[in-house]
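The values are calculated or read from the model by the stated rules, or taken from the named source; none is laboratory data. Because the structure is predicted, anything quoted here is derived from the model rather than measured. Positions of Cβ are backbone-derived with ideal geometry, glycine not excepted, and every protein chain shown enters the neighbour counts. Surface areas here come from the heavy atoms of the whole protein model, side chains and all, with no ligands, DNA or RNA. Shrake-Rupley method; radii C 1.70, N 1.55, O 1.52, S 1.80 Å.
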Amino acid sequence: MSASGVRLDDPGRSVLLTGNEAVARGALEAGIAYASSYPGSPSAEVLEVLAALAEERGFYAEWSVNEKVALEGAAAASLAGLRSICIMKADGLNVALDTLTALSASGTKGGLVVVVADDPGAHSSVKEEDSRYLGKVAHLVILEPADPQEARDMTVAAFGLAEQLRAPVMLRCVTRVCHASGNVVLGTLPPKPAGRPHIGCQERYITHVAYHRIQEERLAQAREIGEGWPFNAYQGPPEPEILVITAGPGYLYAREAVEVLGLEGRVGILKLGMSWPLPEKFLLRHLKSASKVLFVEEVEPFHEENVGYLVACHLEEVFPLALYGKKSGHVAGPKGPGLGEIDVDTVIRALAALAGIPYEAQPGDYGREARELVKKIPRRELGFCAGCPHRASFWALKTAIALDGREVVVLGDIGCYTLGAGRSGHYLMQTVHAMGSGVGMASGLGKLERLGFSQPVVALVGDSTFYHAAVPALINARYNQSRFLLVVLDNGTTAMTGHQPHPGSGVTALGKRVPALSMEEVAGAFGIPVTVHDPYDVKGAVEALYRLLRQDGVRVLVLRRAYALLTARQEKKPRVYVDPKRCLGDACGCHRFCSRVFGCPANTWDAALGRAKIDETVCTGCGVCATLCPQGAIVVEEVTRNGA
Amino acid sequence: MPGGPGDLLRQVLQTGQCVSCGLCLDLCPYLQAAAERVVMIHHCGLEEGNCFRVCPRTPTDWEEMDRRVFGAPRADHVLGHYRQILFARATDPVVAAAGQYGGVVSALIIFALDGGKIRGAVLTAGAPGEMPQPALAVSPDEVLACAGSKYSAAPSLRALHEAARRGVEPVAVVGRPCQVLAVRKLQAVQGIEAHHLAGRKVALVVGLFCFWALEPGFHAFLRAVAGKARILKVDFSPESMLVRTDRGPLCKPVEEVRGFIRPACRECFDPTAEFADVAVGSTEYDEAWNTLVIRSKRGEALVRAALEAGAIEVRPYPPERLPALRAAVRSKKLRALEVQASRGESSYLLIPAGYRQALTGRDQR
Ligand SMILES: Cc1cc2nc3c(=O)[nH]c(=O)nc-3n(C[C@H](O)[C@H](O)[C@H](O)COP(=O)(O)OP(=O)(O)OC[C@H]3O[C@@H](n4cnc5c(N)ncnc54)[C@H](O)[C@@H]3O)c2cc1C
Ligand code: SF4
Ligand code: SF4
């Protein structure tokens, strides 16, 4: 993340930016006054960059408590006549959707752009969602950039469009746009936002069914704009045999595929910069001349379905025409059609098949060689980072549950602690849904007693999730007299997405120190007893968990410890090493506890010595493994602050 | 008889046969205990393990154990090896007052500490009515603080590992008969580095007589019995539980606590700590004295030295009382065999045929 390229006041200059930075740049050029977001991959950097520039550019930026509130804040700025941007990941759109559908009906004033980043393949998400469907439900215009340059260009254009239509415009990015770097030609930075924000006494922004007509009219208007919209473009022969309809990075893959196969004379590419509403006339013009259409898009067959419907409505004009894509199975990534990301190879294979060209993507021994090479790559399991307090928390929880002896149900949540559903967390989590849902479910399970449900219930949330979505569920549970233990895994930041602050951390997005809103205060105000414990003190944490598991009602345990990587950056870390004389190696009953079971990436095995070993470059010096080694073979050497 | 954590789980933990001796705790990070219930948090995946080797409730070769500890097969199948049975008590009135009966156990430990024979002792701490805890005592005061019987199965041997970690050696262990057996099994483990050392560092094993231990729920029951009064001491006679409090004595029929007896104890074959260096119990009639059974040579040397130093005093065991003791022990052993047979599962009681016959015949002594 770097604000240096984004802030350059040098119109016409070409700088290397990521898609996320390019969106931020576009927003600056559009003269935003308000930016808000809840951190989520792959779009977290947009607000990080904007927040870094907010002071100097004179606008407001915030990490909001959740996406719904973020959107409402940005909408407020819009209603006051200012340009605003709200950034979220696909899952965040689900949270904000209620507000978004209403805003689309009520209309807005200043340009409001909603950036939604989809994560095809779910690299850092728990599910794969194509947010275009939700944009359509909300009657919104959806723009889809293909690369960083377009990300900047479309962001700028989106503000104008939003003001023209007096409704929010959605900018749909995918991971390969957000994280890709490319040269971006900068535009002009406007002077600091001028004009006094104001809502006139005659202005009304109200959601009512009567406005459904306006929403449809607005879409019709947008469709007309789309017909001549420069981001909807065609390139290729005037009468192509095969028409590729694509958007986003799929466009780049399609271009490359045509080139690789030498199909420039037979294939035309129709790129949709506006994925909704469809520029129907523009599309029909090109559909009429083609005999085959190939849809290249991520993740779901959104264009395929909508253009397919258009084709059905105009069958006589376009006949004969065959449609290919995910439904026909031609466009399929490694996981299958409509699943995960696609790449150039996917498109080459599909085009080659349609064009009847034999194509072997992996000539000769390539496949075998590749497989051999893959074997040599060390397997890296998804797990908690070295020094992560969650590892200690999960071990403590596993221990406490075993000691309790009853069949404790563990409800999970979304965050990096979701990794606790895997080996890193000893497979403890039994449910993972959406942010805060574990708490809502716990509230429900806690009420099943009269039906004979007697298992103790534990809900796990992260600190950021606590504020995001656990609070209403907690109120519900407390008011309806449910019973469960809520464990908050508090590492002081939103670690998953790069350590953004949240209401408990006492710093705002603008770096201002403010009074933190502690979980103790929040839950305490609901009359819920709160215990705070340090997970690095595993023994104490086990005792606290064990004790709390046996209590009744709703209770909260905060396992609090600042994330070690954060603190290690700030302080000099203690040196932790294995005393090979005390470690018993394979003669110990622990069977390599530290490296195999506890599994901190810094705990390794010295095969030559037959002893455990600590990778000091990875170790953060947390010393938790030292407290758990049955032989006391791990030594923590405190380092004084001033060196030595 | 090799076995691993899986066998420990199946044969001991899941069948309720664990006696919470505490020795397997801290051998590895996977065996932990809460409220005297030992659980395996994680299966380490090993086929064979020390947890299984040292557990007093995994199969035990009794004849081999007799040879190891005493160098000979046993002649007495009721009381096991012994050199002498005496009545004894502490001479120091403070120790005698603190002790459960005559304070012999505490006196012997303090004597061994003072004379430098040991540097610490694995004991059991805790006020009456509270959950007892393992304790590593390194001073006479700490020994006195642990005096008095706590009637539940405290996992006190956990403190043996603490001693090894802290480098406190050699140590004495005071324990229930099951704990004595566990320590002897630990000492018999060959070729293991380190713990191991914990076993080799035990210089003295003092066993307590024990016919049963109670489930930890007993402590809450006791608090309820005492109400607002402060409990000073708890004792059992064959018929009743006697609670001394700051507001006077209370008495409850023993039937009221029988429900708390730890099921594993019903299968216990060793009420007199047969593998200890010395075993100590009540006299069943004189509260100020203990029964002291000197078993090993090492035990004999200790008692002699303690006598010479005036730490304890002894008198002969009244011969007319011996049959009652023998009968009680014998019937406990026979009951254990019965319970075990009725359960129909393999247990630690691999009692050799000769031992059984000797028990079922008429007691010759
Ligand atoms: C559970 C239990 C049941 C017993 N049952 C009988 C019986 O049926 N008949 C009989 O004659 N004697 C029995 N005893 C032994 C008796 O109560 C005395 O402990 C013994 O006579 C020693 O007396 P003392 O005055 O020397 O004790 P003290 O000098 O007071 O020393 C007692 C020692 O016992 C240790 N101790 C206390 N509680 C426990 C425990 N739960 N586990 C392990 N160690 C402990 C302490 O660390 C202390 O060092 C039993 C003891 C226990 C703990
Ligand atoms: S009896 Fe002792 S060694 Fe065996 S399982 Fe129980 S605590 Fe562990
Ligand atoms: S009765 Fe046996 S098994 Fe139970 S505590 Fe006493 S010695 Fe151990």
#### Entry: Surrounding net charge for A:L53, when Lys and Arg each add one and Asp and Glu each subtract one, Cβ distance under 13 Å
-3
### Query
What are the semi-axes of the equivalent ellipsoid of segment A:274-425, taken as the square roots of 5 times the eigenvalues of the Cα gyration tensor, listed largest first and rounded to whole Å?
47, 25, 12
### Nearest-20 debye value, chain A charge dipole, Cβ charges on Lys, Arg, Asp, Glu
1620 debye
### Query
Residue by residue, what Karplus-based ³J(HN,Hα) values in Hz, rounded to whole numbers, does segment A:244-252 have, using 6.51, -1.76 and 1.60 with θ = phi - 60° and x for Gly and Pro?
8, 9, 8, 7, x, x, x, 4, 5
### Query
Taking K and R as +1 and D and E as -1, what net charge do the other residues with C-beta under 13 Å from the C-beta of B:G344 add up to?
-2
### Summary
Excluding ligands, DNA and RNA, the carbon-plus-sulfur percentage of the accessible area of chain A with a 1.4 Å probe reads 54 percent
#### Entry: Straight-distance crosslink candidates among aspartates and glutamates, where the alpha carbon sits under 17 Å from B:K233 and sequence neighbours closer than 8 are dropped
B:E130, B:D246, B:E284, B:D286, B:E287
### Message
Could you compute how fast segment B:311-365 diffuses translationally, taking Rh as the Kirkwood radius over C-alpha pairs and applying Stokes-Einstein at 37 °C with viscosity 0.692 mPa s? Give it in µm² per second.
### Response
244 µm²/s
### Task
Convert each backbone phi in segment B:232-246 into a coupling constant with the Karplus relation 6.51 cos²θ - 1.76 cosθ + 1.60 (shift: θ = phi - 60°), then list the ³J(HN,Hα) values in order as whole Hz, x for Gly and Pro.
9, 7, 10, 8, 10, 9, x, 9, 9, 9, 10, 10, 8, 10, 5
### Query
Percent relative contact order of chain A, based on C-alpha pairs within less than 8 angstrom and at least six residues apart?
10 percent
#### Entry: For A:V487, residues with placed amide H under 5 Å, excluding near neighbours
A:A459, A:L460, A:V461, A:L557
### Task
Starting from the amide H of A:L171, placed 1.01 Å from N in the peptide plane, find each other amide H under 5 Å away whose residue is 5 or more places distant or on another chain.
A:V114, A:V115, A:V116, A:L143
#### Entry: Where A meets B: accessible area buried, both sides, 1.4 Å probe, Å²
1700 Å²
### Summary
To the nearest 20 debye, segment B:217-259 has a Cα-centred charge dipole, built from +1 on Lys and Arg Cβ and -1 on Asp and Glu Cβ, of 260 debye
### Summary
Counting only DSSP loop positions in segment A:147-204, the GluC sites (Glu not before Pro) whose Cβ has at most 15 other Cβ atoms within 10 Å are A:E203
### Task
Determine, at each q value in 0.28, 0.35 (inverse angstroms), the log₁₀ of I(q)/I(0) that the Debye formula gives when each Cα of segment B:217-259 is one equal point scatterer.
-1.05, -1.36
## Note on the structure
Within the under-15-Å Cβ sphere about A:Y324, not counting A:Y324, Lys/Arg +1 and Asp/Glu -1 give a net charge of +1
### Size of charge dipole - segment A:389-568 - debye, nearest 20, with Cβ of Lys, Arg +1 and Asp, Glu -1, no other charges
60 debye
### Message
Can you give me the C-alpha center-to-center distance between segment B:292-364 and segment A:164-235, rounded to a whole angstrom?
### Response
92 Å
### Rg/Rg_ref, segment A:28-78, where Rg_ref = 2.2 N^0.38 Å and atoms are Cα
1.06
#### Entry: Partners for A:K398 among lysines (Cα-Cα distance below 17 Å; same-chain residues under 8 apart left out)
A:K539
### Summary
Computed on Cα atoms only, the convex hull of segment A:573-636 has an orientation-averaged projected area in nm² of 3.7 nm²
### Task
May I ask for log10 I(q)/I(0) of segment A:4-227 at q = 0.08, 0.09, 0.10, 0.17 Å⁻¹, from a Debye sum over the Cα atoms as equal point scatterers with solvent left out?
-0.24, -0.31, -0.39, -1.17
#### Entry: Helix-only mean residue ellipticity at 222 nm for chain A, each DSSP H run of n ≥ 4 adding -39500 (n - 2.57), per residue, nearest 500
-11000 deg cm²/dmol
### Task
Using amide H atoms built 1.01 Å from N in the peptide plane, name the residues 5+ places from B:L232, or on other chains, whose amide H lies under 5 Å from its own.
B:R244, B:T245, B:D246
### Whole-Hz ³J(HN,Hα) from phi, Karplus 6.51 cos²θ - 1.76 cosθ + 1.60, for segment B:333-346, glycine and proline x
5, 5, 4, 4, 5, 5, 4, 5, 5, 5, 6, x, 10, 5
### Task
Report, largest value first, the span of the C-alpha coordinates of segment B:196-344 along each principal axis, in whole Å.
46, 45, 42
### Message
Can you compute log10 of I(q)/I(0) for chain A with the Debye formula, treating each Cα as one identical point scatterer, at q = 0.07, 0.08, 0.11 Å⁻¹?
### Response
-0.53, -0.69, -1.17
### Query
What is the Cα coordinate range of segment A:389-568 on the first, second and third principal axes, sorted by size from largest, in whole angstrom?
51, 33, 27
### Task
Restrict the search to segment A:497-542; then list the trypsin sites (Lys or Arg not before Pro) that DSSP places in a loop and that have at most 12 other Cβ atoms within 10 Å of their Cβ.
A:K512
### Query
When every alpha-carbon pair in segment A:412-512 is counted, what percent end up more than 23 Å apart?
29 percent
### For chain B, average projected area of the Cα convex hull in nm²
17.3 nm²
## Note on the structure
Kirkwood-based Rg/Rh on the Cα set of segment A:233-355 evaluates to 0.92
### Task
Among A:P472, A:C590, A:P515, pick out the residue whose Cα is farthest towards the positive end of the charge dipole of the protein assembly as shown, where Lys and Arg carry +1 and Asp and Glu carry -1 on C-beta, about the Cα centre.
A:C590
